[in-house]
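Below: the structure, in structure tokens.
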Amino acid sequence: MPFSSRAPRGTKTPADAFDPRSLHFILQARYGPSGWWPGESPLEVIVGAVLTQNTAWSNVEKAISSLKKAGMLDLGRLHEAGEAELAALIRPSGYYNIKARRLKNLVQKIMDAARGDLPGLLALDAPLLRETLLGVNGVGKETADSICCYAGGKTVFVVDAYTRRVLSRHGHPVASAEYDEIRELFERGLPEDHAVYKDLHAYLVFVGKEYCRPKNPRCGGCPLEGWNTSGRGAAG
């Protein structure tokens, strides 16, 4: 049976054993302000959110640099560009033909839904902005929430593979749950603070890259060494 954070009043669920505030406290002490997402404009954040799918951020940086050199980090230029031209520029990000198509789809949505007014689109309430983004072919929940949080400044928690891996390694059953259930778990347990949401997501990315790697994890020296999902004692 899939994990659910919703249960009748008085019923204990796995969510009751998990305090994401302890995660934030521990990781903030290690990393300080995250400085994430590293984009110079909302449009750059949006482009990065699409390009980072299934690739390392270092490859995204190369692709964004290529777009900048070509003067393509402009909504009008992206709209006018052909898929082949975009694909050639973003080649370092991998899956470049698919990502070029997804970028074009997203830019077209901005043109159609907001008449090219990106600030106006990002000013929508979080649920409506998320719904609009999810209506774009190739934009999934993680990408939509990344755009909402980091480009739109919405108090939305982003769940990714690093989040699942860290929770799984520390014994929490929610790691295999549906995306929205994990997001709800974090949002219920954290203060409604945009800075907390974006920093904790970034911290989990940092831990996933540096320590909680898919193979040969470096548990020694990890800031979460000895932490468990309740925030008490050693991890199981």
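Values for this structure:
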quantity: Qualifying residues in region 124-146 (those that are under 16 Å from Gln108 (Cα atoms) and in contact (Cβ under 8 Å) with a residue 60 or more places away in the chain) - the one surrounded by the fewest Cβ atoms within 10 Å (Cβ to Cβ); calculated: Gly138
quantity: Residue tally, condition part of a helix (DSSP H, G or I) and aromatic (Phe, Trp, Tyr), over region 74-98; calculated: 1
quantity: Residues within region 1-59 that are modelled with pLDDT of 90 or more and among the hydroxyl-bearing types (Ser, Thr, Tyr), tallied; calculated: 7
quantity: Filter result for Val196 (under 18 Å from Ile26 (Cα atoms), among the hydrophobic types (A, V, I, L, M, F, W, C), outside the structural domain of Asn54 (by TED's automatic domain parsing) and surrounded by fewer than 20 Cβ atoms within 10 Å (Cβ to Cβ)); calculated: yes
quantity: Selected residue (only one of Ala126, Ala114, Ala144 is touching a Lys or Arg at 6+ places or on another chain (Cβ under 7 Å) and either closer than 22 Å to Ala100 by Cα or charged (D, E, K, R) (or both)); calculated: Ala144
quantity: Qualifying residue in region 165-175 (condition: in the same structural domain as Ala29 (by TED's automatic domain parsing), among the basic types (Lys, Arg) and surrounded by 13 or more Cβ atoms within 10 Å (Cβ to Cβ)); calculated: yes
quantity: In region 99-145, the residues that are among the aliphatic types (A, V, I, L, M) and not in a helix (DSSP H, G or I); calculated: Ala123, Leu124, Val136, Val139
quantity: Residue in region 81-98 that is at pLDDT below 95, under 25 Å from Thr132 (Cα atoms) and touching a helix residue (DSSP H, G or I) at 6+ places or on another chain (Cβ under 9 Å) present; calculated: no
quantity: Top-ranked residue in region 44-73 [being farther than 19 Å from Gly208 by Cα and of a type in the set (S, T, N, Q); ranked as surrounded by the most Cβ atoms within 10 Å (Cβ to Cβ)]; calculated: Ser66
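Yes or no, residue by residue, for (1) among the polar types (S, T, N, Q); (2) at pLDDT 95 or above; (3) under 25 Å from Gly135 (Cβ atoms):
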residue: Ala151; (1), (2), (3): no, yes, yes
residue: Tyr203; (1), (2), (3): no, yes, no
residue: Tyr211; (1), (2), (3): no, yes, no
residue: Pro214; (1), (2), (3): no, no, no
residue: Gly231; (1), (2), (3): no, no, no
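The values are calculated or read from the model by the stated rules, or taken from the named source; none is laboratory data. No experiment lies behind these values; they were computed from the predicted model shown. In this analysis, Cβ positions are derived from the backbone assuming ideal geometry, glycine residues included, and neighbour counts consider all displayed protein chains.
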